[in-house]
Amino acid sequence: MPFDLVIEIKNEAGALAQVAAAISDAGVNLAAATCIGTADRVELHVLVPHAEAARHALSISQLAVSREREVVVVEVEDRPGVLADLTRKVAQAGIDLDLVYVATRDRLVFGAADLAGLKAALEPSS
């Protein structure tokens, strides 16, 4: 199951490289990353298949995961309207999204407090 890990890092040259190296050196694939912030510190969100291995690798490198949670990853076709279609389904199910970003290989990452509802809303239609 995919996990979104949040690592708070200094907004400085090399910070992302340190995180990426720690995770990849442990043999964990980074499937996506996004960074949010503007000041001295930023939140780096990374998508990994196994939270425990990534968390351990980061701790060895003196980096800490401040938050983690399971997320829903959906394979999509890269075309106009895909995000609108999926988020419309989520809205119709009454689910409030609190995380969305793009991952490798034409995938979208979604997070919500109601993970079960989110999974149900994003299941392919029969």
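Each reported figure results from applying straightforward, stated rules to the coordinates on display, with no laboratory input. Given the structure is predicted, the values throughout are model-derived calculations rather than measurements. In this analysis, Cβ positions are derived from the backbone assuming ideal geometry, glycine residues included, and neighbour counts consider all displayed protein chains.
Taking the conditions exactly as written (part of a strand (DSSP E or B), closer than 16 Å to residue 122 by Cα and in contact with a strand residue (DSSP E or B) (Cβ under 9 Å, 6 or more places away or on another chain)), does residue 73 satisfy them or not? When the stated conditions are applied, residue 73 passes them. Evaluate the following for residue 117: is it among the small types (Gly, Ala, Ser), farther than 16 Å from residue 8 by Cα and assigned to a loop (DSSP other than H, G, I, E, B)? Judged against the criteria, residue 117 is not a match. No other residue among 84, 54, 22 is free of Cβ contacts under 8 Å to residues at least 24 places away in the same chain and assigned to a helix (DSSP H, G or I) apart from 84. A Cβ distance below 7 Å, combined with a sequence gap of six or more or placement on separate chains, defines the contacts here; from segment 97-112, residues that are on the phi > 0 side of the Ramachandran plot reach residues that are surrounded by fewer than 14 Cβ atoms within 10 Å (Cβ to Cβ) in the pairs 106/75; 106/77; 106/78.
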